2 protein chains.
Amino acid sequence: MWRLYQFPLCPFSRKVRLLLSEKGVGYELWRENPWEDTDEFASLNPAGRTPVLHDPEKKITLCDSRAICEYFEETVEQAPMINGTVKGRAEIRRLVALFDENFFSDVTGPLLQERMMKRLITRQPPDSRRLRDAMKMAHGHLDYIDYLIDNRPWLAGSRMSLADLAAAAQISVADYLGGIDWTGHEQTRGWYSIFKSRPSFRPLLSERMEVIQPPSHYADVDG
Amino acid sequence: MWRLYQFPLCPFSRKVRLLLSEKGVGYELWRENPWEDTDEFASLNPAGRTPVLHDPEKKITLCDSRAICEYFEETVEQAPMINGTVKGRAEIRRLVALFDENFFSDVTGPLLQERMMKRLITRQPPDSRRLRDAMKMAHGHLDYIDYLIDNRPWLAGSRMSLADLAAAAQISVADYLGGIDWTGHEQTRGWYSIFKSRPSFRPLLSERMEVIQPPSHYADVDG
């Protein structure tokens, strides 16, 4: 059985969980706080980051969320998520990178720093200016998602793909941390509310990260 | 003909150039300074980052260096760089992410900020503490590459792969900016010196970034 090393608010682990669940791959959740920087975790992943998937019987360790997704895309036929033509797959991978890198560094990363790391580790109050900046950047990203959905049924084209999972994973963490103002983003809201009702997404929405509470609309399918 | 939007010290563009050259794919260099944030470039890549590959005749635009590499891996058989078994490919992609993300954020990114951006844009002197930290982190990464080469002919296994190209691309930029102290890294030095003599690497080593000069050993194959 695969062990997924993760913590509840890791957006990259959430992307992998959505993929595994859509593909019907079973796994156990293993809690890992990468900021604790243990030797045991460093020996699994020298990059020191979650998610890591490890199968102790088969002695396979997979690191890096995009490498993990490519692995299951290559090994499990069910629910292809890097699908379509070669040009379509390039578009899916472009969007995955946009959400993993730009959305994360503009929005999810700063929110995790201010609302999770400062609360749990350094016990400092969040920097309200950084929070405002992250929420402003979130608006820009949601504008772009609105634009994509105005032009396509799903973010990368006519079928649900890893681009949708990557976006939903980042947005769900940002939303948990109170960083998403949904006003004026009806297209993205509609797309995200379909996601929230998927069986792959329900378990994620029911989990909580210790003392940090999400806003009331967070797990609400119509929220 | 493909147009590659890049600037000489972009490590991600260098990785793509090495791949295209190894695969025998022709391209023109188009200079782009992503920090100038032009509307024209934003319309090619909403992420605002280099590299971008664009073919105006075929109307194809490819963004994100990993998506670009996967595209050419899928379309050009020559010189497979995400090669081997499915487990081997996961190892290649893990290492590519390690160099693209960890090496870049620890070493190449801070060096570019201190030695290129401050020189060309803000006209400030570099922060010597950030430079020292980046060089210290570089030692740690080179230790890990030494360890890999002690155990394998190439970074990800028995064949040259995208992992080698990604590492060489980051190291070459860090070396240009004077951030690599090669003392004590004989394994990595030997591996890198083989790379430097490859036809795919020679054009990169001969280019200069405006007023910024590399150290004397930079383009020297025995350096």
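The values are calculated or read from the model by the stated rules, or taken from the named source; none is laboratory data. Please read these numbers as outputs of a predicted model, since none were measured by experiment. Cβ: placed from backbone, ideal geometry, glycine included. Neighbour counts: every protein chain shown.
Residue check: A:GLN124 meets all listed conditions (1) surrounded by fewer than 21 Cβ atoms within 10 Å (Cβ to Cβ); (2) in contact (Cβ under 8 Å) with a residue 60 or more places away in the chain; (3) in a loop (DSSP other than H, G, I, E, B) but one, namely (2).
If you go through region A:1-25 and pick out every residue that is more than 16 Å from A:ASP64 (Cα to Cα) and in a helix (DSSP H, G or I), you end up with 3.
The condition of being under 28 Å from B:TYR71 (Cβ atoms) and within 14 Å of chain A (Cβ to nearest Cβ) holds for only one of B:ASP164, B:ASP100, that being B:ASP100. Listed by first and then second residue, the pairs linking a residue in region B:178-191 that is over 15 Å from B:ARG132 (Cβ atoms) to a residue that is of a type in the set (Phe, Trp, Tyr) and assigned to a loop (DSSP other than H, G, I, E, B), with Cβ atoms under 9 Å apart and 6 or more places separating them unless they lie on different chains, are B:THR188/B:TRP182; B:ARG189/B:TRP182. For region A:26-54, give me each residue that is assigned to a loop (DSSP other than H, G, I, E, B), crowded, with 19+ Cβ neighbours inside 10 Å and more than 10 Å from every other protein chain (Cβ to nearest Cβ). Listed by number, the residues that qualify are A:GLU32, A:THR50, A:PRO51.
Looking at region B:55-88, which of its residues are free of Cβ contacts under 8 Å to residues at least 24 places away in the same chain, under 21 Å from the mean Cα position of the chain (by Cα) and within 7 Å of another protein chain (Cβ to nearest Cβ)? Those that are free of Cβ contacts under 8 Å to residues at least 24 places away in the same chain, under 21 Å from the mean Cα position of the chain (by Cα) and within 7 Å of another protein chain (Cβ to nearest Cβ): B:LEU62, B:CYS63, B:ASP64, B:ALA67, B:GLU70, B:TYR71, B:GLU74.
In region B:197-206, what count of residues is obtained for those that are loosely packed, with under 14 Cβ neighbours inside 10 Å and in a loop (DSSP other than H, G, I, E, B)? Number of matching residues: 2. Restricting B:GLY88, B:GLY84 to those that are closer than 30 Å to B:GLY26 by Cα and not in a helix (DSSP H, G or I) reduces the list to B:GLY84.
If you check B:LEU95, B:LEU120, B:LEU111, B:LEU148 for being away from chain A (no Cβ under 14 Å) and in contact with a Leu (Cβ under 7 Å, 6 or more places away or on another chain), only one passes: B:LEU111. Only one of the listed residues (A:ALA156, A:ALA219, A:ALA169) is in the same structural domain as A:GLU91 (by TED's automatic domain parsing), within 26 Å of A:GLN6 (Cα to Cα) and among the hydrophobic types (A, V, I, L, M, F, W, C). That residue is A:ALA169.
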